[in-house]
1. Rank ASP89, ASP192 by accessible area, highest first, at a 1.4 Å probe radius?
2. Quick one: Karplus J couplings for region 13-20, per residue in order, coefficients 6.51, -1.76, 1.60, θ = phi - 60°, nearest Hz, x for Gly and Pro?
3. Any idea of the accessible area per residue across region 83-134, 1.4 Å probe, to the nearest Å²?
4. In square angstrom, rounded to the nearest 10, how much accessible surface does ILE79 have for a 1.4 Å probe?
5. Which sequence of ASP147, ASP126 reflects their accessible areas, 1.4 Å probe, from the largest down?
6. If you average the alpha carbon positions of region 69-109 and of region 222-261, how far apart do those two centres end up, in angstrom?
7. Carbon and sulfur atoms: what percent of the 1.4 Å accessible area of the chain do they account for?
8. If you plug each phi of region 159-171 into the Karplus form 6.51 cos²θ - 1.76 cosθ + 1.60 with θ = phi - 60°, what whole-Hz ³J(HN,Hα) values come out, in order, with x for Gly and Pro?
Amino acid sequence: MKNLNEVLRQKERIMDQYVVPFVMNEKSLAISTAKLRNLLLEMQEITSKNQFRSRKKEITFYSKDLMDILSSYWFLHEIGLLYSTMPLDQSLKTAYLNQKWQYYCSFKSQYYHQYSLYCIENEVLDWQAIKYYFHTNNLQCAFTFFDATCVFLFSAYFKALQLILEQLEYAMSTSSFSFNHRPLRWNKSKIDLSLLVYALFEFNKNDDEKVLLIEWTNAFEKLFNTSISKNFHQTLSAFQKRKNIDYTIISQLRDIIQAKYMDIE
């Protein structure tokens, strides 16, 4: 049987591929949701049989570690459900996403006082209530997202809610972009596109902004209807291991621009 540290490490590995924003994939979302549910079952079994070394470790587990994995589970579960019912008609997709965004925003306004406490990190978590809930519920059934009777779980609800809204905002922006622009074709290699995206990101980035490299890769994926984000860093690492990396797409672009400039003159 795994121990708690192994379970938590596995949870981190699952969530590493879902750094908001990400390109949604129904199958991978369903698999990851099932994996997190299984991890919760393992955690329930482990904690029911083992005593914590100290009161402090027990409190930390129920008020932080468990709440973290619950919020991750709810986030992926809700996004998976949302994606599975998304209309195929591109003209309807933006309206659908906006409707869902308003639905999830309603939780913030409905429980604004608790949300305010969450935002300023001034909430007091009842770890014993969390513990009781965890050990008396049948985890084979999915927990209900935002059960108003479980005030002690609001922290996990709001954390999941924040991730859901960020992902929805990204999905709405890319859906609108896709609807108004037909994808262009990228005729070169994925390595060339990865190098171009990385160079543009490094050249354009501002330390004051929180724009992530993954956002750039996702935007170019949509633009050219291709996939580079999944193995982006592995692609760059493989490129670095080449013996001759002098003549890249960047140098080719420079040569093309110089040649065209000379033609104009």
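The values are calculated or read from the model by the stated rules, or taken from the named source; none is laboratory data. Predicted model only: the values in this text are computed from it and were never measured. Because the Cβ atoms are built from the backbone with ideal geometry, glycine has one as well, and the counts that use them run over all protein chains shown. When the accessible area is computed, the model is the full protein with side chains, heavy atoms only, and any ligands, DNA or RNA have been set aside. Shrake-Rupley method; radii C 1.70, N 1.55, O 1.52, S 1.80 Å.
1. Per-residue accessible area, sorted high to low, gives ASP89, ASP192.
2. Here the 3J(HN,Hα) series is 5, 5, 6, 4, 8, 10, 6, 5 Hz.
3. Per-residue value: 68 Å².
4. 0
5. Heavy-atom accessible area, descending, gives ASP126, ASP147.
6. Each part reduced to its Cα centre gives a spacing of 35 Å.
7. Answer for the chain: carbon and sulfur cover 52 percent of the accessible area.
8. Going residue by residue, I get 5, 5, 4, 4, 5, 4, 5, 5, 5, 5, 4, 5, 4 Hz, with x marking Gly and Pro.
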